[in-house]
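The values are calculated or read from the model by the stated rules, or taken from the named source; none is laboratory data. What you see is a predicted model; the values in this text were computed from it and never measured. Neighbour counts are summed over all protein chains in view; Cβ atoms, including those assigned to glycine, are modelled from backbone coordinates with ideal geometry.
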Amino acid sequence: MATLGKYEYTNSLKADGHRRILFPSEVSGKYQSLKKIVHPLMILNFLILPFLYVGEDRLILFDIQHRSFFLFGFSFNAQDIYLIFFLVTGVAFSLFFITALVGRIFCGWACPQTVFLEGIYRRVERWIEGSQAAFFKRHTQKDKLYYRNLIIKSLAYVLISAILAHFIVLYFVQLNVYYEMWTVDVSTHPVVFGWIVFLTLLLTFNYGWFREQLCLIICPYGRLQSVLTDDDSLVIGYDPMRGEPRGKAKDQNRGDCIDCGRCVQVCPTGIDIRNGLQMECIGCANCIDACDEIMDKVGQSKGLIRYDSYNGLVHQPKRILRPRIFVYAVLLVIGAIVSTTMVSKRTNFEANMLRSQGSPYTFSQSDIQNQFEIHLFNKDRFERTYVIIPQPTESVVFTIPIAKITIPKLGDQRIPVFVSMPKEKYRQSFPIEVLVRDEGSQEEIVAKSTFLGPR
Ligand code: SF4
Ligand code: SF4
């Protein structure tokens, strides 16, 4: 069993490998005050985004049922799924860049796991349980009050999770679908209802019990931290040159750390920041406020634990601009240029010429016939009208029953196309083309296929 001063642990694991349930103490200070503004803003943002519109369309909507996606005024459908690659790489490069500069600032200040846990669930827990010390005592003794509080807390968690689950689902369904589900009958949209139930259970489990384990076991970002940061990245750290040797307040030859343990008590992942930068540190800044409070009390200057780079913490020269930052910035810029180009070059519709099922060709008395379908996708946010124009090929006759069609936004249609030619003119298969023009924008796409006949 690792023994660190008076602590017999270094994180949320016991020496025997079992989970140690954490009871992080409350703390106050400048970063906590800032969090009281930032976290509610993040939560408010999450709650109102599903109700914001650009024109007639939602600002953000991933309508899986209709395979339609709306992002900040752009609309996409299933045909644009390849663009996800650029979105994911863009987010990854941004995270690389931000992490190299300011470490895990995202985890402590903007990650939904931290924001909802600290901003909602932990607050509710403290209202019900009182101080963490009292809660810890009850948890150990398992008295009557413990079980009563457990029931009240669990009900509160389920209620909060149900509310959050409804809002999460709103990012994936049209609002009218959601309203219909509740005003007409839940059975009109059983899948949506099923997701709400599933998410309610998942969120209750996660925020009620699993908590910091998600950051420690499941989220890959913390593990990437060691490769993304360097000695000049901004992290939360302990100044060992100032703090060591730690000792009791009355000790004469001690450093600034009085080994009070407050920084460990307030840590939501249960680590001791004095052991250096650790994968478990989510950058929440609780330990900074806790230590500053102690430093105030013992009349020493604040900042024994602080936002600083490793070089800063060991009193070495610091650099902001360094090769890693340039590399990540260049990757970010290249990624942004490529993504913007791909989105801007994207046509507002797609047209594919597909051979109809069944025999590839048929005969009439004098002709060979091929049957196709033009599969037209309107990827725009508006209704569009398309004109279908066959491209002349010698001896070939096109018959297109619907040569002009209007398709609603993000809709698709299949239009039959019959192609024939006299038997005696046919020698071998050859390409055929149909031009599809968007009447509004005059954008054109040539849909191609092959005319087939007997060898
Ligand atoms: S070490 Fe400090 S910043 Fe890191 S998770 Fe613990 S309390 Fe938060
Ligand atoms: S809170 Fe500060 S003084 Fe107390 S143990 Fe942590 S680093 Fe040392």
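How many residues does the range 314-342 contain that are among the β-branched types (Val, Ile, Thr), part of a loop (DSSP other than H, G, I, E, B) and surrounded by 12 or more Cβ atoms within 10 Å (Cβ to Cβ)? The number of residues fulfilling the criteria is 1. Condition first: within 15 Å of Phe418 (Cα to Cα) and part of a loop (DSSP other than H, G, I, E, B). Now tell me which residues in the range 348-368 satisfy that. Correct list: Ser356, Gln357, Gly358, Ser359, Pro360, Tyr361, Ser364.
For every residue, the table says whether it meets (1) part of a helix (DSSP H, G or I); (2) surrounded by 18 or more Cβ atoms within 10 Å (Cβ to Cβ); (3) among the hydroxyl-bearing types (Ser, Thr, Tyr).
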site: Lys35; (1), (2), (3): yes, yes, no
site: Phe46; (1), (2), (3): yes, no, no
site: Leu49; (1), (2), (3): yes, no, no
site: His66; (1), (2), (3): no, no, no
site: Ser75; (1), (2), (3): no, yes, yes
site: Ile84; (1), (2), (3): yes, no, no
site: Phe96; (1), (2), (3): yes, yes, no
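Among the residues of the range 378-400, is any in contact with a Leu (Cβ under 8 Å, 6 or more places away or on another chain), part of a loop (DSSP other than H, G, I, E, B), free of Cβ contacts under 8 Å to residues at least 60 places away in the same chain and not aromatic (Phe, Trp, Tyr)? Checked against the condition, which is being in contact with a Leu (Cβ under 8 Å, 6 or more places away or on another chain), part of a loop (DSSP other than H, G, I, E, B), free of Cβ contacts under 8 Å to residues at least 60 places away in the same chain and not aromatic (Phe, Trp, Tyr), the range 378-400 yields at least one hit.
Being in a loop (DSSP other than H, G, I, E, B) and within 20 Å of Phe62 (Cα to Cα) narrows it down to one of Val173, Val192, Val169, so name that one.
Numbers: Val192 fails: in a loop (DSSP other than H, G, I, E, B); Val169 fails: in a loop (DSSP other than H, G, I, E, B).
Answer to the check: Val173.
Selection of the range 241-257 for residues being more than 10 Å from ligand 2 (Cβ to nearest atom) and touching a residue at least 24 places away in the same chain (Cβ under 8 Å) yields only Met241.
Note on the range 215-264: residues that are at pLDDT below 90 and hydroxyl-bearing (Ser, Thr, Tyr) amount to 3.
Residues in the range 223-247 that are assigned to a helix (DSSP H, G or I), within 16 Å of ligand 1 (Cβ to nearest atom) and over 10 Å from Thr99 (Cβ atoms): Arg223, Ser226, Pro240, Gly243.
If I go through the range 294-341 residue by residue, how many of them are of a type in the set (Phe, Trp, Tyr) and within 16 Å of ligand 2 (Cβ to nearest atom)? Show your work before the answer.
Looking only at the range 294-341, we keep the residues that are of a type in the set (Phe, Trp, Tyr), and these are 307, 310, 326, 328.
Within this subset, residues satisfying the condition of being within 16 Å of ligand 2 (Cβ to nearest atom) are 307.
Final tally of qualifying residues: 1.
Considering only residues of the range 264-280 that are outside any helix (DSSP H, G or I) and within 14 Å of ligand 2 (Cβ to nearest atom), which is farthest from Gly29 (Cα to Cα)? Quick ask: steps written out before the conclusion?
Quick first cut of the range 264-280, residues outside any helix (DSSP H, G or I) only: 266-272, 276-280.
Next cut, within 14 Å of ligand 2 (Cβ to nearest atom) only: 266-267, 270-272, 276.
Values: Val266: 12, Cys267: 14, Gly270: 19, Ile271: 20, Asp272: 19, Gly276: 22 Å.
Within the range 264-280, the match that is farthest from Gly29 (Cα to Cα) is Gly276.
Put simply, of Tyr171, Tyr147, Tyr157, Tyr179 the only residue that is exposed (fewer than 12 other Cβ atoms within 10 Å of the Cβ) and under 26 Å from the mean Cα position of the chain (by Cα) is Tyr179.
Quick check on the range 343-362. Is at least one of its residues on the phi > 0 side of the Ramachandran plot, surrounded by fewer than 17 Cβ atoms within 10 Å (Cβ to Cβ), more than 16 Å from ligand 1 (Cβ to nearest atom) and over 25 Å from the mean Cα position of the chain (by Cα)?
So far as the range 343-362 goes, yes, one or more of its residues are on the phi > 0 side of the Ramachandran plot, surrounded by fewer than 17 Cβ atoms within 10 Å (Cβ to Cβ), more than 16 Å from ligand 1 (Cβ to nearest atom) and over 25 Å from the mean Cα position of the chain (by Cα).
Test Gly222 against the stated conditions and say whether it is more than 21 Å from the chain's Cα centre (by Cα) and buried (at least 17 other Cβ atoms within 10 Å of the Cβ). When the stated conditions are applied, Gly222 does not pass them. Residues in the range 274-311 that are more than 32 Å from the chain's Cα centre (by Cα) and near ligand 1 (Cβ under 10 Å from one of its atoms): 1 in all. Each residue in the range 258-269 was checked for being within 9 Å of ligand 1 (Cβ to nearest atom), closer than 24 Å to Pro245 by Cβ and either more than 31 Å from the chain's Cα centre (by Cα) or in contact (Cβ under 8 Å) with a residue 60 or more places away in the chain (or both), and 3 pass. Residue pairs whose Cβ atoms lie under 8 Å apart, sitting 6 or more positions apart in sequence or on different chains, and linking a residue in the range 270-299 that is closer than 23 Å to Ala15 by Cβ and of a type outside the set (A, V, I, L, M, F, W, C) to a partner that is within 7 Å of ligand 1 (Cβ to nearest atom) and not in a loop (DSSP other than H, G, I, E, B), are Asp272/Cys263; Arg274/Cys263.
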